[in-house]
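Report on the structure given below.
The values are calculated or read from the model by the stated rules, or taken from the named source; none is laboratory data. Just so you know, these numbers come straight off a predicted model, no measurement behind them. All Cβ positions, even for glycine, are placed from backbone atoms using ideal geometry, and neighbour counts span all protein chains on display. Just so you know, the surface numbers come from the protein's heavy atoms only, side chains and all, with ligands and any DNA or RNA stripped out. Shrake-Rupley method; radii C 1.70, N 1.55, O 1.52, S 1.80 Å.
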Amino acid sequence: GQQLNQSPQSMFIQEGEDVSMNCTSSSIFNTWLWYKQDPGEGPVLLIALYKAGELTSNGRLTAQFGITRKDSFLNISASIPSDVGIYFCAGLPISSGSARQLTFGSGTQLTVLP
Amino acid sequence: SAVISQKPSRDICQRGTSLTIQCQVDSQVTMMFWYRQQPGQSLTLIATANQGSEATYESGFVIDKFPISRPNLTFSTLTVSNMSPEDSSIYLCSVNRANEQFFGPGTRLTVL
């Protein structure tokens with residue numbers, strides 16, 4: 001099956017700092033999705049990417065679809081305490097548009113220190 | 001986006017019993033997906049629920065353990081049968097709209 005490597009596994013940053021996390025795949029993806037999950041909640045979709053090289057922002061969040069179609073990164077600028085949570089990447093392989101093939105990264109646990 | 005609700009939000013169950021989780025979506029969808037998230041882990045797809053046909057299960061998941069119903073295009077249930085402590089997880093309902101996957105709030109299950 002598909003392999004998605006997400007890093008880092010966890011991050012501790014000071015409030016106001018920028019943070020970056022990324023995902024790499026062993027194969028080509030057609031779509032990249034980034035989610036945030038708060039404790040006790042389901043994942044919430046932050047950004048969706050559909051084209052190689054695409055750079056998309058959502059407030060302080062910016063994500064890019066890598067040119068090779070095998071990677072994506074998520075940046076958070078000027079972090080605030082409510083950014084705390086687990087961030088997941090997810091990808092759909094280019095060989096299939098079926099949501100059954102959606103693969104998730106292992107998650108990045110973000111802690112923002114005051 | 002999609003508005004998805006789940007019931008119950010959490011439950012604590014005894015070993016050997018069964019729990020049925022309900023999922024309601026705000027508008028009609030062809031497929032509804034059930035995921036499991038074990039403690040500290042990522043999301044794993046259990047099965048895809050199709051209206052009018054049997055659910056499609058992923059490798060490692062079987063209908064006897066996780067029976068699914070899909071009586072209409074906005075509703076589905078997942079039953080966790082004959083539970084053991086290893087079934088303690090968050091169970092999430094999900095739908096896909098325009099290549100974007102949306103999730104319900106999850107059902108946190110603890111099996112004693």
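Remarks
- Å² of accessible area per residue within the range A:5-87, as computed with a 1.4 Å probe and no ligands counted: 47
- The HN-Hα couplings worked out from phi for the range A:100-114 by the Karplus form 6.51 cos²θ - 1.76 cosθ + 1.60 (θ = phi - 60°) are 4, 8, 4, 10, 10, x, 7, x, 10, 7, 9, 10, 10, 8, x Hz, whole numbers, x standing for Gly and Pro.
- For the pair the range A:37-114 / the range B:58-111, the C-alpha centres are spaced 23 Å from each other.
- Rounded to the nearest 20 debye, the dipole size of the protein assembly as shown about its Cα centre is 380 debye, using +1 on the Cβ of Lys and Arg and -1 on the Cβ of Asp and Glu.
- Nonlocal amide H pairs with B:Cys13, under 5 Å, H built at 1.01 Å: B:Thr110, B:Val111, B:Leu112
- Percent carbon-and-sulfur accessible area, the protein assembly as shown, ignoring ligands, DNA and RNA, probe 1.4 Å: 50
- Interface burial for A against B (accessible surface, 1.4 Å probe, total of both chains, Å², rounded to 100): 1600
- Solvent exposure, largest accessible area first (probe 1.4 Å, DNA, RNA and ligands not counted), of A:Arg69, B:Arg108, B:Arg15: B:Arg15, B:Arg108, A:Arg69
- Over all other residues within a Cβ to Cβ distance under 9 Å of A:Val44, the charged ones net out to -1, with Lys and Arg as +1 and Asp and Glu as -1.
- Nearest-0.05 FRET efficiency for A:Ala52 and A:Phe12, computed from C-beta distance (R0 30 Å): 0.40
- Selection from A:Phe12, A:Ser82, A:Phe65 lying farthest towards where the dipole of chain A points positive, charges on Cβ: A:Phe65
- Placing unit charges on the Cβ atoms only, positive for Lys and Arg and negative for Asp and Glu, gives chain A a dipole magnitude near 480 debye about its Cα centre.
- Overall, the ratio between the Cα radius of gyration of chain A and 2.2 N^0.38 Å, rounded to two decimals, is 1.02.
- Estimated from the Cβ-Cβ distance and a Förster radius of 22 angstrom, the FRET efficiency linking B:Asn50 and B:Thr20 is about 0.75.
- In order along the range B:79-86, phi translates into HN-Hα couplings of 10, 9, 9, 6, 5, 10, x, 5 Hz, rounded to whole numbers, per the Karplus curve 6.51 cos²θ - 1.76 cosθ + 1.60 with θ = phi - 60° and x for Gly and Pro.
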